[in-house]
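These notes concern the structure reproduced below.
The values are calculated or read from the model by the stated rules, or taken from the named source; none is laboratory data. Remember, it's a predicted structure, so these values are computed and weren't measured experimentally. All Cβ positions, glycine included, derive from the backbone under ideal geometry; neighbour counts span all protein chains shown.
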């Protein structure tokens, strides 16, 4: 095989090596370093550099270089390079403004109408001149390098935009939750006895949903439903909400409108979570169909509705009301247990007990229910009670 | 079959460093060859023998790395000897015109004898 043929084969292999390196899964800088070695190894250049054009800063950045003095590379002006033929190698001695000490060939890198950077090479170690064939090969290589740089630049731009979008999304989410909290505060402010009730129902419901294995998106949805479940009370008079004496049938009918009003308000909001409207609408339904507003029963009630219903009642029982003192936790749990199957769901009750038991035993990193309960509660007694309920309900659930 | 990971060992014989690259010299792991030589050059060693008995193949990346060692030695007026080269390696170096810039011996002991004679 003659030398020319061998050289042609070597160059072809180098192109294949370049293709392999620039399409590898390596990190960008490793990829460019390997590509740079392929180029310097192909042309026997002892010095070289790949420069990338930063469109924002309007300057050239050295991606990789060998043998050149950084200050010399900084003398290159992107505007002057961009005026040269796209991806066409030019001999530095022919273009005085390209003079970089030690550089012999410079290739401006372009993709379509976009100036991407530049490739510089010194003379060959063998002192042989660059042949027209060398320059043709360099033109092909430059095109490949330009495409790689452009892809990376697009990827970086996309990553930056994605990061910015995520930041904006998080900011909007914070604002969204802030608005919901303001709503909840407005609801709770109407009734001196239900301060932070919406906030607690949101937390309890989320804690139960998490224990049930819901995904984070759906947990956030029930959290929001918890915040808004009583939003319809904004349309009920303060006098009625704060009435100490028993309600007349008319007053009771009026106050019961709040869940439908909550639904009307909630439907005006385009929630990213499913069933929020359903959960706020039916949080006063019962399993036996004796609840309101629609007297739905059993299968018509979603898990979300059953969770909010239980969380709402548990908080109502353990909070002071105008017409009664607050119940202690043991009494509230016993009351909820008495109403299983008629009003509340066994499975959800079991999960509530498990969460509370875990919180008492310090098994959950961020307790959601326990911090809101009476500080004077005897946790040993509550824990024993919970263990009993859990055992009993687990057995019933297994049998079912 | 995936080629074995490239590795380098070395030893000092008199005032010459003997470098043993092992594996296909075709990717960034070959930088260890440059680093190994750089350590000796940094210690003032100007004579380097690269024994290629366990490196049959080289590509443009390997050539680039070898150029770097040759350039570094040239800058300190040092000598690079290459020994135990496969036919492929020798043909590649010859085709690229690199043989004029290194001293080639069939075996390592010849290179050591040559460098020793240079000292005396």
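Here is how the numbers come out for the structure above:
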| read-out | value |
| --- | --- |
| Residue among A:51, A:73 that is more than 8 Å from chain B (Cβ to nearest Cβ) and outside any helix (DSSP H, G or I) | A:51 |
| Scan of segment B:86-119 for residues that are away from chain A (no Cβ under 14 Å) and touching a helix residue (DSSP H, G or I) at 6+ places or on another chain (Cβ under 8 Å), ordered by number | B:103, B:104, B:105 |
| Residue in segment A:283-298 that is at pLDDT 95 or above, part of a helix (DSSP H, G or I) and crowded, with 18+ Cβ neighbours inside 10 Å present | no |
| Complete set of residues in segment A:177-220 that are under 15 Å from the mean Cα position of the chain (by Cα) and assigned to a helix (DSSP H, G or I) | A:216, A:217, A:218, A:219, A:220 |
| Test: residue A:242 is on the phi > 0 side of the Ramachandran plot and in contact (Cβ under 8 Å) with a residue 40 or more places away in the chain | no |
| Residue in segment A:99-107 that is within 11 Å of chain B (Cβ to nearest Cβ) and either part of a helix (DSSP H, G or I) or touching a residue at least 12 places away in the same chain (Cβ under 8 Å) (or both) present | no |
| Test result for residue A:130, in a loop (DSSP other than H, G, I, E, B) and surrounded by 12 or more Cβ atoms within 10 Å (Cβ to Cβ) | yes |
| Hey, residue A:17 within 11 Å of chain B (Cβ to nearest Cβ), at pLDDT below 90 and part of a helix (DSSP H, G or I) or not | yes |
| Residue count, segment B:26-85 (criterion: in contact with a strand residue (DSSP E or B) (Cβ under 9 Å, 6 or more places away or on another chain) and away from chain A (no Cβ under 13 Å)) | 26 |
